[in-house]
């Protein structure tokens, strides 16, 4: 650099950079949307019972219009307004009731539920990896999975009903993470390190508790199948109501995580470096922990523990799309959702019993991950 | 023009031993300020206290009459940028991504970087000649190149002060001179510079103001000619130094520090080794 002549600054350079990034973003989202729609159509058309594409399309349309009409008819349901009207559904019914049952009550909740669960786990894992500056961390690092499993197993062994099991899973998941967060905050030292250490330790404690309960439990009754569900995951318990809860949770939690994705880039540089870039590190950590815990706890309560997605999907996407969280989080959501949709389809098609979703994820995901590792373009440090 | 006012600042890690105590000074955004002192004396700690990364035990550091502890992180980041001594890069961010992070105090939560943000980053990248590296992952850069990326980020941050913690320690001799020139250019563009260094010559080369830190306080603050004296350096570094003024071909006078009694084989294994700690 010469001291005498001033460096010529070209304002077009910055504009070109902005335009290029915008273009890349558009292309990426277009590809993702296309892949997602294709995967959704494939999954919704495939299943144990044959359904023709025409039937599926009309039935889904009818279902959608039905929901819209339900919203439009709400004023008629208010008693003191004394309005009475009803809107007929314009879509003609051309399919058998069996198709409607299979499609709207079983297949649709499972497919959409799988998308939400896969996407939710992926963004939880990705955000933890940035906030804790460690690519080996998953969404269960703070004990949410083991806490939920322990709570659910406790309810099962105590013989409580299905609703109570659900509540206990959520309760113990929340309590575990809350305890980890509290102890982590009280300890002096690097907040990131403390959280990870305390989380690992309490996670082990909860897993030990789970194992004791399994030892104590009655092997003959249905408790065994419950173990499989909680440890290895399944989409078979999803119905329309559960899917609705999952939808709301993932949207709210996802919005919280998306709002912090720019700041997560700075967080991944280190506590001090992030603070001097203007990031309120304590607040970002809290938001991410709350969002991630809520998403993961609800997913585990509905679908059991699905272990591979939160760790590996962000890794694969990082190798392909780069570590910038602004791209990584949406890509991870789409990738995780598409992945779990397809895995669930593979699992539910064979007529003989269902392989747990968590097992199939690991079996199919591992070769994909190794392939991505071999072909990665950006290097690790 | 802004001022950082340090008043009677005292800091301690464990509440018992003070790292520095009763330190007072005023730093303006129109000068390049260099802090000299031995390892572990508290230079980095003082810088971090100014950045509100450490809380003072007593005393205050204020900007525009407001204590730095009362500033929100984003507000303070618009006033002071920080270039640390070491970087641990976990993820392979591109150079452009890293420079864009300098705009973080200005970007709202849900918002994306605007074209203006990209323009400012583009300007910073061009000022430091990093165009060819803009898409390279930072993990593949050398120490000197990474230092330039961090400087570009500090420029993109548009702060009024830049604090650098030993910016030249890990650079080769040539890169040290280039980096000092670049930092001086940033000062000429109107940014206040606060840096720590181990080399007293840097104070003579580029700084407007210097301070020598020893035993928990500044033993001297002021113009480099007045502060960097043989006595102060002996107190701080425990080494005998002679300061030599020489004239180069253009008639410009330059000062440099030369340690005494070095290059003499007999003294290498003599009494001076007893002072090694």
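The values are calculated or read from the model by the stated rules, or taken from the named source; none is laboratory data. Remember, it's a predicted structure, so these values are computed and weren't measured experimentally. Counting neighbours? That spans all protein chains shown, and the Cβs are built from the backbone with ideal geometry, glycine included.
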Residues in segment B:150-169: is at least one surrounded by fewer than 19 Cβ atoms within 10 Å (Cβ to Cβ) and within 14 Å of residue B:182 (Cα to Cα)? no
Scanning segment B:1-19 residue by residue, those touching a helix residue (DSSP H, G or I) at 6+ places or on another chain (Cβ under 6 Å) and modelled with pLDDT under 90 turn out to be B:19
Go through segment A:73-108 and give me each residue that's surrounded by fewer than 12 Cβ atoms within 10 Å (Cβ to Cβ) and either under 33 Å from the mean Cα position of the chain (by Cα) or not in a loop (DSSP other than H, G, I, E, B) (or both). A:74, A:75, A:77, A:79, A:80, A:81, A:97, A:98
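Only one of B:126, B:147 is within 7 Å of chain A (Cβ to nearest Cβ), over 16 Å from residue A:274 (Cβ atoms), touching a helix residue (DSSP H, G or I) at 6+ places or on another chain (Cβ under 9 Å) and assigned to a helix (DSSP H, G or I). Can you tell me which? So that I can check it myself, show each step before the final result.
Values: B:147 fails: within 7 Å of chain A (Cβ to nearest Cβ).
Checking each option against the conditions leaves just B:126.
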Looking for something under 19 Å from residue B:196 (Cα atoms), surrounded by 14 or more Cβ atoms within 10 Å (Cβ to Cβ) and free of Cβ contacts under 8 Å to residues at least 60 places away in the same chain - is there at least one such residue anywhere in segment B:31-39? no
Scan segment A:270-284 residue by residue and report those that are surrounded by 23 or more Cβ atoms within 10 Å (Cβ to Cβ) and either touching a residue at least 60 places away in the same chain (Cβ under 8 Å) or in a loop (DSSP other than H, G, I, E, B) (or both). A:277, A:278, A:279
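Test of understanding: among B:124, B:88, which residue is buried (at least 16 other Cβ atoms within 10 Å of the Cβ), more than 17 Å from the chain's Cα centre (by Cα) and at pLDDT below 95? Before you say what the answer is, go through the steps one by one.
Details: B:88 fails: buried (at least 16 other Cβ atoms within 10 Å of the Cβ).
Going through B:124, B:88 in turn, the sole match is B:124.
Here's the yes/no breakdown for (1) over 15 Å from residue B:89 (Cα atoms); (2) within 17 Å of the chain's Cα centre (by Cα):
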residue	(1), (2)
B:135	yes, no
B:139	no, no
B:143	no, yes
B:147	no, yes
B:157	yes, yes
B:164	yes, yes
B:167	yes, yes
B:170	yes, yes
B:175	yes, yes
Of the residues in segment A:238-269, those that are more than 10 Å from every other protein chain (Cβ to nearest Cβ) and not in a helix (DSSP H, G or I) number 2
Yes or no: segment A:116-132 includes at least one residue that is surrounded by fewer than 18 Cβ atoms within 10 Å (Cβ to Cβ) and within 30 Å of residue A:194 (Cα to Cα). no
Among (1) more than 14 Å from every other protein chain (Cβ to nearest Cβ); (2) touching a residue at least 60 places away in the same chain (Cβ under 8 Å); (3) under 18 Å from the mean Cα position of the chain (by Cα), where does residue A:227 come up short? (3)
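If I filter segment B:57-65 for residues that are within 10 Å of chain A (Cβ to nearest Cβ) and in a loop (DSSP other than H, G, I, E, B), do I get at least one hit? Show your work before the answer.
In the first step, residues of segment B:57-65 are kept if they are within 10 Å of chain A (Cβ to nearest Cβ); the result is none.
No, that holds for no residue.
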I need every pair where a residue in segment A:360-373 that is without any contact (Cβ under 8 Å) to a residue 40 or more places away in the chain has its Cβ under 7 Å from the Cβ of a residue that is assigned to a helix (DSSP H, G or I) and surrounded by 13 or more Cβ atoms within 10 Å (Cβ to Cβ), sequence separation at least 6 or different chains. A:360/A:343; A:360/A:346; A:360/A:347; A:364/A:343
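Working carefully through the options A:313, A:295, find the one that is more than 13 Å from chain B (Cβ to nearest Cβ), surrounded by 21 or more Cβ atoms within 10 Å (Cβ to Cβ) and farther than 24 Å from residue A:176 by Cα.
Working: A:295 fails: farther than 24 Å from residue A:176 by Cα.
Going through A:313, A:295 in turn, just one is more than 13 Å from chain B (Cβ to nearest Cβ), surrounded by 21 or more Cβ atoms within 10 Å (Cβ to Cβ) and farther than 24 Å from residue A:176 by Cα: A:313.
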From B:45, B:90, B:86, residue being at the interface with chain A (Cβ under 7 Å from one of its Cβ atoms) and either touching a residue at least 60 places away in the same chain (Cβ under 8 Å) or not in a strand (DSSP E or B) (or both): B:90
Restricted to segment B:95-117, and to residues that are over 14 Å from residue A:262 (Cβ atoms) and at the interface with chain A (Cβ under 7 Å from one of its Cβ atoms), which residue is modelled with the lowest pLDDT? B:115
Identity of the residue in segment B:129-144, part of a loop (DSSP other than H, G, I, E, B) and within 8 Å of chain A (Cβ to nearest Cβ), that ends up nearest to residue A:321 (Cα to Cα): B:134
